[in-house]
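What follows is a short report on a single structure.
Quick note: the coordinates plus some simple rules give every number you see, no bench work behind them. In this text the structure is predicted, and so the values were computed from the model without any measurement. Please note: Cβ atoms are built from the backbone with ideal geometry, for glycine as well, and neighbour counts cover all protein chains shown.
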Amino acid sequence: MLLPSIKRQRCGFTLIELLVVIAIIAILIGLLLPAVQKVREAAARMSCSNNMKQIGLGLHNHHDAVGTLPPGGTYFDVCCTPPTYTNWAIELLPYVEQASLYAQYRQNELNVSTNNNLVGQKRVKAYECASDRMVGQLEVPASGPSTAQWMHGSYRAVSGKANMAVGHGAWDGFEPGLWPNGVMDRSYRSLLHATSASYNGVPASTVAGIAVLGGAERFSGATDGLSNTLMVGEYTTHTTTNRGTFWAYTYASYNQSSIGVESRLFGKDYATCAAAPGLYGDQMCKRAFNSSHTNGANFVLGDGSVRFISYSVATNLLENMATMAGGEAAVLP
């Protein structure tokens, strides 16, 4: 006698159930992803801030050891392919745990010499912001005396406030023709500007009129107050990247920037800035400040502290904080 067969129940998901599960997972991922991105950005911003604290401490240690701050850049002739030598980021190397790399730099050679360019092709962790997509990349700068590749960095010295009355006058080089009456106004300079004086074995420039640049600054000269004076800030761009920051390249705006009153000069990448209305075309865009963070950028102040400054800050306030002895009343909120 044949026994009736027992039907086995099949265990598993139907297609509809599977689709529902996938949809739920997609929704959860969609909800979680922004939170993860925020955590990553917060961590990157903290890492960037810690780097800048190290830079601020290094600048103070340099001042204690040498008696002055380093020069923003040694700039020994007029634009546009002048002889240049060391700069603030190179001189700071021993104070950011890079003494061996600093020992390879030859002070008596031009900044663009083959040997010194090899130094400038190295990565320095303290000069790289974790949010900056350009870190670790070599590139030939868009202008200046070098045709070699240099390593990107994330931070620029604040050379001073821009005087835009008759031209894009800035303290990152020697271009007196861009200033009213052909005279660079010393009240517009900040703690890390271009210099023409003898420094660390490099003789002083003998070019007529260039002595106005002076030498490396002392903290005692910051009569506006160290806590009210910007010293180093962030700059990166993901467009026209050869106009970005190159930490060891001592040429004008590639490792120094100035604060201008136009809003396009803070928080915009190069192409966005250049496309926006403003004085003197893209010239001041080369001297802007910008980060990969959301809503603002980090700055080192003269007292060594680090502040995250919103892109919505009043530009005249930021501009006034770019001078060390301009006599302006400027206090961050």
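Quick notes on this one:
- G267 long-range amide H proximity, modeled H, under 5 Å: F289, N290, S291
- Taking Cα centre as origin and charging only the Cβ of basic (Lys, Arg, +1) and acidic (Asp, Glu, -1) residues, the dipole magnitude of the stretch 233-320 rounds to 120 debye.
- Sequence-ordered 3J(HN,Hα) estimates for the stretch 165-171 from the Karplus curve with 6.51, -1.76 and 1.60 and θ = phi - 60° stand at 5, 10, x, 8, x, 9, 9 Hz, glycine and proline given as x.
- Within the chain, helix-based [θ] at 222 nm, where runs of 4 or more DSSP H residues each add -39,500 (n - 2.57), nearest 500: -7500 deg cm²/dmol
- Expressed as a fraction of 2.2 N^0.38 Å, the C-alpha radius of gyration for the chain is 1.26.
- Inverse mean reciprocal Cα-Cα distance (Kirkwood Rh) of the stretch 248-300, Å: 11.6 Å
- Computed from Cα positions, the angle between helix 15-66 and the longest principal axis of the chain comes to roughly 20 degrees.
- Between amide H atoms placed 1.01 Å from N, distances below 5 Å from G173 occur with A194, all of them 5 or more places distant or on a separate chain.
- For the chain, the number of Lys pairs with C-alpha atoms closer than 26 Å, counting only pairs eight or more positions apart or on separate chains, is 14.
- Antiparallel DSSP beta bridges within the chain, as percent of all bridges there, nearest 5: 70 percent
- As a proxy for reagent exposure, Y199, Y85 were ordered by neighbouring Cβ count within 10 angstrom, fewest first; the result is Y199, Y85.
- For the stretch 129-247, size of Cβ-based charge dipole, Lys and Arg +1, Asp and Glu -1, in debye: 40 debye
- Cα shape, the stretch 45-155, gyration tensor, a/c 1.5 rule: oblate
- For the stretch 220-250 versus the stretch 162-193, the inter-centroid distance based on Cα atoms is 16 Å.
- Unit charges at the beta carbon, dipole of the chain: most positive-side option, G326, H293, N87: H293
- Using the alpha-carbon positions of the stretch 127-193, Rg (one decimal) and Dmax (whole number) come out as 15.2, 43 Å.
- Among T241, T81, a tally of other beta-carbon atoms within 10 Å of each Cβ gives an order, fewest to most, of T81, T241.
- Placing +1 on the Cβ of every Lys and Arg and -1 on the Cβ of every Asp and Glu, with no other charges, gives the chain a dipole of roughly 1300 debye about its Cα centre.
- Sorted ascending by nearby beta carbons within 10 Å, beginning with the fewest, K53, K161, K286 become K53, K286, K161.
- Extension gain, V183 back to A103 (0.36 nm per residue minus Cα-Cα distance, nm): 25.1 nm
- Considering only V207, V20, C48, the residue lying farthest towards the positive end of the dipole of the chain is V20, judged by Cα position with unit charges set on Cβ.
- A Gaussian network model of the chain, with springs between Cα atoms under 10 Å, assigns the largest mean-square fluctuation among D224, D185, D64 to D64.
- Label zone (R218, point 7 Å along Cα-to-C-beta; backbone nitrogen cut-off 20 Å) within the stretch 164-195: 186-195.
- Candidates S131, A170, F246 compared by Cα position along the dipole of the chain: farthest toward the positive end lies S131, with charges placed on Cβ.
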